[in-house]
């Protein structure tokens, strides 16, 4: 029998052998079941981050998703774009129909799908709109988070993401989030697209003013500019609807998906294209060895079925609203605001609270696995399967921490 390791030894190994690009809280995931996880010592925690919204079906993996993944992996687990596989066509059809869009460009990670949306937007700008070659601009928002490739951090407003990594990719214009006047003013003859998150998740669960997305879409249409939504974190039930943009009927020209799309097991993302953008890219302008792997696509197909069948978006809406209502009832001089949509929820603390990290650490001690984002915000994103009774369990401990 191999020697059993404890949490500290696992963490020490990470500190010694892993390049330190994260600042993890002291929980070692050893096993999970539903909304719960356990560390090697057997302490139980409630999952309130869901791997940044990936584990919408809970831990370790939904049995139907696992079965679909393993069944396919036993047949053919890996293929490439050089050939067809049995899962790609059905997956693309089902996702396109789910999104009510035309075509799907599958990738592995969210930032890869963002990169493909940028490529599509630039080429569309040149060959369809008629922008002068190499002059295309894409408008983005302050406080955005679309990933960490060099191109994507080129338009980040966070200096810690980009300080030592220049030179950067040109062609991006940054405007304030939620400001329609700034969007209209930034558009010019070289503007190919507006890329925006419907809710800024990593930025602190920042919800824009009501009507912002719908009006932004109208502005883009008026000026012949592509409207691109990054719903990697907010989509697929997380915010209480299939997509966060559905609160305003602001359907995009390109919809970027990821995280939950793989059902917590497959590594799948996608740039989902409207008729307007579906035919822009052509061979050999793009490709990826590991995209569209059959076992991951099988998991994704099952995840979409479960999302609809089990009404998980509806559950996120109901339970999320209940969670936010109860959080707003907490009387604490340290809380500035509770905000969110569905099961993407944040508590923002006042500056005098001394930052959110210490509250996240105390919540970990109470058995709640959540994480701070930016300096003053704690984000909660539990699995979409969570029940009100489990939320009540968490609320009792959150109140205890915020009262101290």
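Just so you know, all these numbers are worked out from the coordinates, no wet-lab data involved. Remember, it's a predicted structure, so these values are computed and weren't measured experimentally. Cβ placement follows ideal geometry from the backbone for every residue including glycine, while neighbour counts extend to all protein chains displayed.
Table for the structure above
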item	result
Computed lengthening from residue 335 to residue 33, 0.36 nm per intervening residue step minus Cα-Cα distance	105.6 nm
For 392, 253, order by how many other beta-carbon atoms lie within 10 Å, fewest first	392, 253
Surface/4 of the Cα convex hull for region 45-146, nm²	10.3
Stretchable slack from residue 224 to residue 374, in nm (0.36 nm times residue separation minus alpha-carbon distance)	50.5 nm
Span from the region 309-355 Cα centroid across to the region 157-230 one, whole angstrom	25
Residue with peak Gaussian network fluctuation, the chain [Cα springs, cutoff 10 Å], from 82, 121, 250	82
Length gained when the stretch residue 14-residue 397 is fully extended (0.36 nm per residue, less Cα-Cα span)	135.0 nm
Hypothetical label at residue 366: residues of region 320-353 whose amide nitrogen lies under 18 Å (7 Å Cα-Cβ projection)	322-339, 345-350, 353
Computed FRET value (nearest 0.05) for residue 135 with residue 157, which takes r as the C-beta separation and R₀ as 30 Å	0.85
Relative exposure of 88, 226, judged by other C-beta atoms within 10 Å (fewest first)	88, 226
Taking 59, 223 and counting other C-beta atoms within 10 Å, the order from fewest to most	223, 59
Two-site label geometry, residue 74 and residue 126: point separation in nm, points 7 Å out along Cα→Cβ	4.8
FRET efficiency, residue 214 to residue 4 (Cβ-Cβ, R0 51 Å, nearest 0.05)	0.40
FRET efficiency, residue 352 to residue 22 (Cβ-Cβ, R0 25 Å, nearest 0.05)	0.35
Relative packing of 209-217, 195-203, which averages over residues the other C-beta atoms within 10 Å, highest first	195-203, 209-217
Cα pair distances in region 190-300, grouped into 10 Å bins until the bin that holds the longest one, percent each	14, 40, 33, 12, 0
Directionally averaged shadow of region 63-309, computed from the convex hull of its alpha-carbon atoms, nm²	13.3
Value of relative contact order over region 63-309, rounded to a whole percent, pairs C-alpha under 8 Å and six or more apart	32
